[in-house]
């Protein structure tokens, strides 16, 4: 019968300070402490329930209303809504752990497409793609994509809160008895 040596507190300290990237074999694993089982990555889901439909509809209506109140031109409204919608669609198509990377890559692609759209046909050869322009596409596109991903995730966070609240409300309302008024 073999006995295993007792673990020292030093071993426990080392295992608790390992990062998720050190434990995982995933090449794009996040660096930092291992995620808690209570943490949730919010992204656009592949299936919508009624609470999600209501919250997304309200978010679009509030965004359109705010932009209209501030007098934003139609092209600005369409651009902002388009970026948010494209990021949400891309997030639906990728696994949960790649949602942030998908938003960043989508932002870079959208920024690149916007730069192409602003070029005159005479200057469209690839010669205009200098390292400075490539850096601008990656830097500003990443910021655009990340911000759009945060907005999209925030909408679905609110949808999750509404869903949990309605479940809680239904459970507690069904337990209460009507009061006698007699």
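Within segment 62-72, does at least one residue satisfy the condition of being modelled with pLDDT under 85 and within 28 Å of residue 144 (Cα to Cα)? Checking segment 62-72: not a single residue is modelled with pLDDT under 85 and within 28 Å of residue 144 (Cα to Cα).
If you go through segment 43-95 and pick out every residue that is free of Cβ contacts under 8 Å to residues at least 60 places away in the same chain, buried (at least 16 other Cβ atoms within 10 Å of the Cβ) and outside any helix (DSSP H, G or I), you end up with 1. From the list 173, 152, 133, the one residue that fits, being at pLDDT 90 or above and either loosely packed, with under 10 Cβ neighbours inside 10 Å or assigned to a helix (DSSP H, G or I) (or both), is 152. There is no residue in segment 104-112 that is out of contact with any helix residue (DSSP H, G or I) (no Cβ under 7 Å at 6 or more places or on another chain) and modelled with pLDDT under 90.
The values are calculated or read from the model by the stated rules, or taken from the named source; none is laboratory data. Every value quoted in this text rests on a predicted model; they were computed, and no experiment measured them. All Cβ positions, even for glycine, are placed from backbone atoms using ideal geometry, and neighbour counts span all protein chains on display.
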